[in-house]
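Chemist: I have a structure here, written as structure tokens, and I will follow up with some questions on it.
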Amino acid sequence: MGFTVFDFVKLDSDLHFKILEKVGVYCARFSISEPKILLTTKEVLEMPKEVTEGRRTSAYKYLGVSYIQDNVVFINVRKIPDEKTLENTIVHELIHMRFPYLSHGRRFNKMVRRGLAGWTFKPYAKRR
């Protein structure tokens, strides 16, 4: 089930399915609902402007972007060279969804590593 660099040049239905499958597995582990997954910059630009505001025309620069309020994630398959980077990007963006209060930093990276290691997380609950 390995990918080669050439698999990422063209987004075929098999790769699309593999990505959605990985997202489903990680969403179950992180106790979050599955976000809408965008895989091309064209799909990002086709979304309503309110949804992709702030990271719309610049999305192509990133491996992935989370639009947390609207439960949407963009995975830029054109920039992803291998399966490991794909896995890291998926987990990274889904950790943003599960821990919306964490910005990039030591704790965030720790959660990404734990997610990649197979940890499960309870559903997000606001503190009282």
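The values are calculated or read from the model by the stated rules, or taken from the named source; none is laboratory data. From a predicted model like this one, the values you see are computed outputs, not experimental measurements. Please note: Cβ atoms are built from the backbone with ideal geometry, for glycine as well, and neighbour counts cover all protein chains shown.
Chemist: List pairs: first residue in the range 22-48 and closer than 13 Å to SER66 by Cβ, second residue in a helix (DSSP H, G or I) and among the polar types (S, T, N, Q) anywhere in the structure, Cβ distance under 8 angstrom, at least six positions apart or on different chains.
Modeler: Short answer, once both residue conditions are applied: VAL44/THR52.
Chemist: Please go through the range 11-41 and pick out each residue that is of a type in the set (Gly, Ala, Ser) and part of a loop (DSSP other than H, G, I, E, B).
Modeler: Of everything in the range 11-41, those that are of a type in the set (Gly, Ala, Ser) and part of a loop (DSSP other than H, G, I, E, B) turn out to be SER31, SER33.
Chemist: Further question: Taking ILE68 and the conditions (1) of a type in the set (Val, Ile, Thr); (2) touching a residue at least 24 places away in the same chain (Cβ under 8 Å); (3) crowded, with 16+ Cβ neighbours inside 10 Å, which numbered condition does it fall short on, given that it satisfies the others?
Modeler: (3)
Chemist: Select from the range 71-84 the residues that are in contact (Cβ under 8 Å) with a residue 60 or more places away in the chain and not β-branched (Val, Ile, Thr) and list them in ascending order. Break it down stepwise before answering.
Modeler: At the first step, the residues of the range 71-84 found to be in contact (Cβ under 8 Å) with a residue 60 or more places away in the chain are 77-78, 80-83.
Scanning the range 71-84 gives ARG78, PRO81, ASP82, GLU83.
Chemist: Among residues belonging to the range 71-102 that are out of contact with any Gly (no Cβ under 8 Å at 6 or more places or on another chain) and farther than 21 Å from GLY118 by Cα, point out the one that is surrounded by the most Cβ atoms within 10 Å (Cβ to Cβ).
Modeler: Result: ILE80.
Chemist: Filter the range 109-125 down to the residues that are touching a Phe, Trp or Tyr at 6+ places or on another chain (Cβ under 7 Å) and in a loop (DSSP other than H, G, I, E, B) and list them by number.
Modeler: PHE121
Chemist: Test each condition in (1) farther than 25 Å from ASP12 by Cβ; (2) at pLDDT 95 or above; (3) within 14 Å of the chain's Cα centre (by Cα) for LYS110 and report the one that comes out false.
Modeler: In the conditions (1) farther than 25 Å from ASP12 by Cβ; (2) at pLDDT 95 or above; (3) within 14 Å of the chain's Cα centre (by Cα), LYS110 misses (3) alone.
Chemist: A follow-up question, please. Please go through the range 64-106 and give me each residue that is farther than 20 Å from ILE32 by Cβ, in contact with a Phe, Trp or Tyr (Cβ under 8 Å, 6 or more places away or on another chain) and not in a helix (DSSP H, G or I), ordered by number.
Modeler: ASN76, ILE80, PRO81, ASP82
Chemist: While we're on this one: Restricting to the range 20-45, give me the number of residues that are within 20 Å of ARG114 (Cα to Cα), crowded, with 17+ Cβ neighbours inside 10 Å and under 12 Å from the mean Cα position of the chain (by Cα).
Modeler: Number satisfying all stated conditions: 4.
Chemist: Hey, could you check the range 46-63 for residues that are part of a loop (DSSP other than H, G, I, E, B) and surrounded by fewer than 14 Cβ atoms within 10 Å (Cβ to Cβ) and say which is modelled with the lowest pLDDT?
Modeler: Out of the qualifying residues, it is THR57.
Chemist: May I pose another question? Kindly provide the set of residues from the range 20-45 that are closer than 23 Å to SER58 by Cβ, of a type in the set (Val, Ile, Thr) and at pLDDT 95 or above, ordered by number.
Modeler: Once the filter is applied, which keeps residues that are closer than 23 Å to SER58 by Cβ, of a type in the set (Val, Ile, Thr) and at pLDDT 95 or above, the range 20-45 yields VAL23, ILE37.
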